[in-house]
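K.L.:
Can you keep this structure in mind? I'll have questions shortly.
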Amino acid sequence: MNGQKILVTGGCGFIGSQFVKMQLERDESAQIINLDLLTYAGDPSNLGTWADSPRYTFVHGDIRDPACVDALVPGVDWVVHFAAESHVDRSTGTRAGEFVETNVLGTFVLLDAVKRLNPDAHFLQIGTDEVYGDVAAPGFPDESSRLEPSSPYSASKAGADQLALAFAITHGLDVRVSRCTNNYGAFQHPEKLIPLFITNALDGLALPLYDGGTQIRDWLRVSDHCHALRTIMEKGQAGEIYNVGANQDPERTNREITQMILDATGAPQSLIEDRQGLRPGHDQRYAVSSQKLRQLGWSPELDIESGIEETVRWYTDHRSWWEARKDESYRAYYAEHYGKSDP
Ligand code: NAD
Ligand code: DAU
């Protein structure tokens with residue numbers, strides 16, 4: 001597994017940047033090419049000093065552009081495909097088409113290039129547990145469970161997974177699909193629940209808690225996700241799907257997560273603002289069985305209480321990082337989505 005040349009897509013985003021840094025650090029002979037369009041969600045500075053490594057190459061380009069992708073695919077051992085439009089709330093309005101184009105068409109362009117130019121390369125499709133849709137308690141879908149995506153985001157990710165698996169069956173590519181639960185940790189864009197609520201709490205701003213806050217997500221620290229991806233690359237099998245989940249016990253509601261953030265920041269309860277109707281099709285519960293991956297030796301290291309405290313410390317210490325992301329275009333999105341301009 002060491003010494004491999006990996007084409008990472010979306011390596012300037014939250015999870016992709018963590019994966020690139022971990023891979024360069026853990027394998028002194030790894031070479032990484034990072035293809036990223038630098039949308040609002042991507043920033044080369046997320047790589048820190050690893051961007052200066054002679055083993056790292058950044059390519060500013062689009063996964064939907066066959067000419068760009070064709071130039072990068074030959075000669076790599078792996079394609080690890082993170083690039084996506086990733087925020088559910090941005091997919092429920094007028095921008096759903098961008099999700100289909102990036103998440104479905106972009107995945108197709110990559111697969112097609114691998115098929116034509118480097119059919120022996122391995123392809124890791126970074127999927128999401130949201131493809132299983134709203135999971136009634138006490139269910140834990142496994143990898144063969146029915147796909148019932150609720151949002152344009154999750155439907156586009158399901159389409160990408162299915163395309164990748166079809167390329168394995170039709171063209172014999174070594175495709176593996178991971179389906180992970182909600183990630184949190186350093187460098188996550190403040191549009192997502194945990195960083196939004198931490199940064200708003202630090203500034204004494206309202207925490208817009210949707211639909212009573214009774215929903216359940218299975219929060220996993222981003223480094224645990226990246227360890228899981230390495231396990232799939234090292235010990236997984238071609239053509240297989242692997243669920244990745246923290247399997248929090250007890251499961252935590254969004255309101256409980258919000259309370260942890262209030263406790264860790266010292267902000268008052270009065271900041272919680274109950275909001276209705278901001279997420280049409282809001283799934284009540286996500287959960288997966290991650291037994292198949294755990295049988296390969298993976299398990300998460302950090303519990304959610306310690307993880308929230310650690311994440312609050314990071315955002316407290318990196319104010320300039322997240323203030324830069326709450327820029328004019330983010331404020332416009334915030335005003336459009338939340339109906340107020342003060343994130
Ligand atoms: P992110 O939004 O932080 O980053 C996405 C990255 O993709 C950005 O760097 C962006 O510039 C890049 N990108 C977008 N469109 C592109 C294009 N057309 N060409 C090249 N690059 C492009 O996303 P994230 O939260 O790091 O998620 C990464 C992947 O993991 C996604 O596929 C997402 O569906 C999946 N996932 C995320 C979570 C989570 O909790 N965040 C959980 C499970 C799976
Ligand atoms: O489950 C994996 C998925 O997790 C990934 O595939 C997605 O890329 C990632 O964004 C995440 O999706 P969610 O929709 O679950 O995450 P988000 O942080 O947007 O929302 C988490 C929960 O918090 C959800 O129930 C909606 C709620 N929420 C979210 C925001 C942004 C609020 O109550 N208020 C908010 O302002």
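None of the figures in this text is laboratory data; all of them are computed from the coordinates on show. Since this is a predicted model, take the numbers as computed values, not measurements. A quick note on method: Cβ atoms are made from the backbone with ideal geometry, for glycine too, and the neighbour counts reach across all protein chains shown.
K.L.:
Provide Val69, Val88 in ascending order of the number of other Cβ atoms located within 10 Å of each residue's Cβ, fewest first.
P.N.:
Details: Val69 25, Val88 21.
Result, fewest neighbours first: Val88, Val69.
K.L.:
To continue, here is another question. May I ask for the Rg/Rh ratio of the range 185-342, computed from Cα atoms with Rh as the Kirkwood radius, given to two decimals? All intermediate terms of the calculation are to be shown ahead of the outcome.
P.N.:
On the way: Rg = 17.0 Å, Rh = 17.0 Å.
Result for the range 185-342 is an Rg/Rh of 1.00.
K.L.:
What does the extension gain come out to for Ala136 and Asp317, with contour length at 0.36 nm per residue minus their alpha carbon separation? Mind showing how you got there, number by number?
P.N.:
Numbers: separation 181, 0.36 × 181 = 65.16 nm, distance 3.85 nm.
Between Ala136 and Asp317, full extension yields an extra 61.3 nm.
K.L.:
Have a look at the range 1-146 and give its Rg and Dmax from the Cα atoms, expressed in angstrom.
P.N.:
16.1, 49
K.L.:
If each of Glu328 and Arg95 carries a label point 7 Å out from its Cα toward its Cβ, how far apart are those two points in nm?
P.N.:
1.7 nm
K.L.:
Quick one: pull the percentage of alpha-carbon pairs in the range 32-92 with a separation above 15 Å.
P.N.:
Details: 1035 of 1830 pairs.
Summing the P(r) of the range 32-92 above 15 Å gives 57 percent of all pairs.
K.L.:
At q = 0.19, 0.28 Å⁻¹, work out log10 I(q)/I(0) for the range 294-343 with the Debye formula, treating every Cα as an identical point scatterer and leaving solvent out; two decimals please.
P.N.:
The Cα Debye sum returns log10 ratios of -0.76, -0.95.
K.L.:
Then there is this: If each Cα of the range 116-250 is one equal point scatterer, what is log10 of I(q)/I(0) from the Debye formula at q = 0.10, 0.11, 0.21 Å⁻¹?
P.N.:
Debye intensities relative to I(0), on a log10 scale: -0.40, -0.48, -1.36.
K.L.:
Working from Cα positions, state the angle (0 to 90°, nearest 10) between the long axis of helix 106-117 and the longest principal axis of the chain.
P.N.:
20 degrees
K.L.:
To the nearest 0.05, what FRET efficiency results for Thr170 and Asp70 with a Förster distance of 22 Å applied to their C-beta separation?
P.N.:
Working: r = 20 Å, r/R0 = 0.90.
Calculated value: 0.65.
K.L.:
How do Glu234, Glu256 rank when sorted from fewest to most other Cβ atoms within 10 Å of their own Cβ? Before the final figure, lay out each step's value.
P.N.:
Details: Glu234 11, Glu256 15.
By the 10 Å Cβ count, ascending, the order reads Glu234, Glu256.
K.L.:
Give me the angle, in degrees from 0 to 90, between the Cα long axis of helix 14-26 and the longest principal axis of the Cα atoms of the chain, rounded to the nearest 10.
P.N.:
With both axes taken from Cα atoms, the answer is about 50 degrees.
K.L.:
Given the chain, what count of lysine pairs have C-alpha atoms under 26 Å apart, with each pair 8 or more places apart or on different chains?
P.N.:
17
K.L.:
Here's a follow-up. Quick check on the exposure proxy: order Ile308, Ile33 from fewest to most C-beta atoms within 10 angstrom. Let's see the in-between values first.
P.N.:
Working: Ile308 25, Ile33 20.
The fewest-first ordering by Cβ neighbours comes to Ile33, Ile308.
K.L.:
Could I ask something else about it? With r as the distance between the Cβ atoms of Gln4 and Ser53 and R0 = 25 Å, compute the FRET efficiency 1/(1 + (r/R0)^6) and round to 0.05.
P.N.:
With R0 = 25 Å, the Cβ-Cβ based efficiency is 0.95.
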